[in-house]
Amino acid sequence: MTEGKVAIIQNKQEASSAANNKLTALLKEANYTIDQNDPDIVISIGGDGTFLSAFHEFDHKLDRIRFLGVHTGHLGFYTDWRDFELEELVSNLSNDENPPISYPLLDVQVKYYDQKKPQRFLALNEATIKRATRTMVADVYIKDEIFERFRGDGLSVSTPTGSTAYNKSVGGAVLHPRINAFQLAEIASLNNRVFRTLGSPIIISDSEWLEISLEESSDYMVTIDRFTVEHDEIESISFKIADERVHFASYRHMHFWRRVKDSFIGEV
């Protein structure tokens, strides 16, 4: 009896290769098929960065793929299992006793001056907009209504799960991943008697959308998670909660705030 098809994505660390070899053997013993092209379950081995890579490799099949993360270092926000728990992982996966869980994603649409149709991306963590050599000037619209004119180094728009990543480092709030919303955080905004922004992170609901309209320039740097959008003529970028969601297999419900505490505070 075949349990299902599994793809394994690992980083280049020796510990990850060893875990991959052991996990592959255990999965085959449990009647799983290793299929790197058309899997039902995608397992990443490494850290949160490896999980991001695995997500984007299969983000066109989110309606039927579940993800699972194995960490070969310190526990991450997407990687619930450790490399010494592989037997338990496979047993848990086969029994599938944990309730299904999914988290929101960010729908990012980039509009170019030389293209009529926007280019669409999905972000698991965040998207950022910066300017290479000069102050970035952008008009921020919420539900098609002007909110502010931003001047500064850039803007970050993140999902709840991405709120503990780059968003946190630029002063954004930490959101519980069950909240179906996204967040706008400023990166070194310019505030004085002449120029003024809100200066605080903004939480935007799933019924609203955000558009950032840019001054015409060819030196914008746009990132989607770990990837860079390479195009010179970016006119605007819009954001909303995506219809798609990321689904997890064999998810262990570690208390989210305990995970935040362990990652950023430690013992009190």
With the Cα gyration tensor of the range 107-203 in hand, convert its eigenvalues to equivalent ellipsoid semi-axes via √(5λ) and list them largest first in whole Å. 21, 19, 13
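From the cross-link list K12/K168; K143/K240; K111/K143; K12/K261; K168/K240; K61/K130, which pairs have alpha carbons spaced over 22 Å apart?
Details: K12/K168 27 Å; K143/K240 10 Å; K111/K143 17 Å; K12/K261 29 Å; K168/K240 20 Å; K61/K130 30 Å.
Exceeds cut-off: K12/K168; K12/K261; K61/K130.
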Calculated from DSSP helices alone, with each H run of at least 4 adding -39500 (n - 2.57) and the total divided by the residues of the chain, [θ]222 nm to the nearest 500 comes to -5500 deg cm²/dmol
Within a 10 angstrom radius of the beta carbon, how do L27, L52 rank from fewest other beta carbons to most? L52, L27
Radius ratio Rg over Rh of the chain, counting only Cα atoms, Kirkwood formula for Rh: 1.01
The residues W81, W257, W209, sorted from fewest to most surrounding Cβ atoms within 10 Å, come out as W257, W209, W81
Distant-in-sequence amide H partners of D83 (H built 1.01 Å from N, under 5 Å): H71
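Determine the sum of side-chain charges near I142: Lys and Arg each +1, Asp and Glu each -1, restricted to other residues whose C-beta is under 10 angstrom from that of I142.
Working: positive: K143; negative: D144, E145, E148, E208, E211.
Overall, the nearby charge balance is -4.
Length gain on complete extension for the stretch N192 to S263, per 0.36 nm per residue less the alpha carbon to alpha carbon distance? Walk me through the numbers before you get to the answer.
Numbers: separation 71, 0.36 × 71 = 25.56 nm, distance 3.51 nm.
That works out to 22.1 nm of additional length.
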To check you understand DSSP bridge types, tell me what percent of the beta bridges within the chain (both residues inside) are antiparallel, rounded to 5. 75
Based on the Cα atoms of the range 151-242, what semi-axes does the equivalent ellipsoid have, where each is the square root of 5 times one gyration tensor eigenvalue, given in whole Å with the largest first? 21, 18, 13
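Between D144 and N31, what length in nm is gained on full extension when 0.36 nm per residue of separation is reduced by their alpha carbon distance?
On the way: separation 113, 0.36 × 113 = 40.68 nm, distance 5.21 nm.
Length difference between fully extended and current span is 35.5 nm.
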Which ³J(HN,Hα) values in Hz, rounded to whole numbers, follow from the phi angles of the range 160-173 under the Karplus curve 6.51 cos²θ - 1.76 cosθ + 1.60, where θ = phi - 60° and Gly and Pro get x? x, 5, x, 5, 8, 9, 4, 3, 5, 5, 9, x, x, 7
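Read-outs: derived from the displayed coordinates by stated rules, not from any lab. Being a predicted model, the structure only gives us computed values, none of them experimental. Positions of Cβ are backbone-derived with ideal geometry, glycine not excepted, and every protein chain shown enters the neighbour counts.
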